[in-house]
Amino acid sequence: MIYLLITVLCYTICTISDKYSISKYRITPSEFTFLISASSCIFMVPAFFFTRNYFELSLNSFLTIALLSIDKIVEFSTSAAVLKKLSGFETKAWLGTAMFLSYFSDITFFHVDFSLLKLLCIFIVCGCLVAMVKDGKNEGKNRYKGIGLILILYILSKYFYGIIIKIGSDSISPTISVYAALLVVTVIFWFKVKPAELLKEKRGGTGIVFLTRIPNALGLVCENLLIGISLTMYSMEQPVILALLLFYSFIRRENTSKLSMVSGIICLIAVFAFKLV
């Protein structure tokens with residue numbers, strides 16, 4: 001239980017901090033991508049001591065690293081654009097659709113049993129997301145304007161991340177493949193964002209994004225320990241994070257309309273139900 005609490009607290013802090021730094025300090029998608037990848041390369045090192053690591057010198061290993069590098073560039077860049085307009089809760093709620101895509105993939109390719117109750121939960125969550133979009137358009141300042149394609153790419157990047165890890169796991173461990181991909185992304189964006197100028201112009205935002213990778217790394221370690229103890233507890237990670245972000249959004253009055261509040265609560269219940277049935 002303690003590992004679950006630490007994991008969800010760490011990841012919730014990361015989401016809130018990233019939202020704050022992007023909104024307040026106007027961190028661009030390219031800058032955000034560089035800062036996350038570079039800082040993760042430093043703070044991910046302890047994870048090697050808590051995971052089983054292996055590497056096979058093969059085409060599959062290098063292809064996995066290459067695909068993960070592309071995937072991480074898309075994920076980090078689009079997440080910055082999405083967090084700039086949407087709340088942390090809305091962002092995580094939309095990522096729930098990646099979980100549903102993974103479920104249908106498991107049914108198609110890995111012979112997981114189909115469940116009508118899970119399908120009902122999926123329809124409920126999708127209905128709540130549509131309601132949030134409709135509510136956003138009625139506010140005068142449309143939160144969803146111009147981010148439709150970006151949001152789709154963000155969701156797909158999270159979906160394909162799991163597939164790439166799963167396919168490549170025969171020849172390279174997840175920790176090594178992710179770490180190698182982050183190194184590649186760091187090198188690519190080092191020449192694009194000019195770190196010295198970034199530190200000088202946006203010192204506050206840079207520091208927040210960089211230091212936020214500390215709880216992120218701690219969350220990663222606890223997450224791996226949690227997986228080894230109980231897959232049931234691990235499956236509750238995202239719903240609990242979603243609950244904390246919804247509570248935070250109510251405190252901050254980020255989405256105060258009745259439609260947003262009701263949709264958020266129903267969405268949260270449906271995600272919990274999807275994990276439990």
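The values are calculated or read from the model by the stated rules, or taken from the named source; none is laboratory data. All of these numbers come straight from a predicted model, not from anything done at the bench. Here Cβ is always computed from backbone atoms with ideal geometry, including for glycine, and neighbour counts include all displayed protein chains. Calculation scope for accessible area: heavy atoms of the full protein, side chains included, ligands and nucleic acids excluded. Shrake-Rupley method; radii C 1.70, N 1.55, O 1.52, S 1.80 Å.
Restricting to the range 248-266, and then to whatever is of a type outside the set (A, V, I, L, M) and closer than 15 Å to residue 126 by Cα, can you tell me which residue is modelled with the lowest pLDDT? The selected residue is 260. One residue stands out in the range 27-51 among those that are at pLDDT 85 or above and surrounded by fewer than 16 Cβ atoms within 10 Å (Cβ to Cβ): the one that is nearest to residue 206 (Cα to Cα), namely 42.
When the residues of the range 24-47 are filtered to those that are of a type in the set (A, V, I, L, M) and in a loop (DSSP other than H, G, I, E, B), the one that is farthest from the chain's Cα centre (by Cα) is 27.
Screening 6, 70, 65 for residues that are open to solvent by 20 Å² or more (accessible area, probe 1.4 Å), more than 20 Å from residue 159 (Cα to Cα) and part of a helix (DSSP H, G or I) leaves exactly one candidate, 6.
Residue selection: residue 97 fails the criterion of being in a helix (DSSP H, G or I) and touching a strand residue (DSSP E or B) at 6+ places or on another chain (Cβ under 6 Å). Mind checking which residues of the range 220-247 are modelled with pLDDT under 70 and surrounded by fewer than 20 Cβ atoms within 10 Å (Cβ to Cβ)? Answer for the range 220-247, where residues must be modelled with pLDDT under 70 and surrounded by fewer than 20 Cβ atoms within 10 Å (Cβ to Cβ): 224, 225, 227, 228, 229, 230, 231, 232, 233, 234, 235. Just so you know, in the range 100-125 the residues that are part of a helix (DSSP H, G or I), of a type in the set (Phe, Trp, Tyr) and open to solvent by 60 Å² or more (accessible area, probe 1.4 Å) include one that is modelled with the highest pLDDT, and it is 123. Can residue 160 be described as open to solvent by 20 Å² or more (accessible area, probe 1.4 Å) and touching an Asp or Glu at 6+ places or on another chain (Cβ under 9 Å)? Taking the combined requirement at face value, the residue satisfies it.
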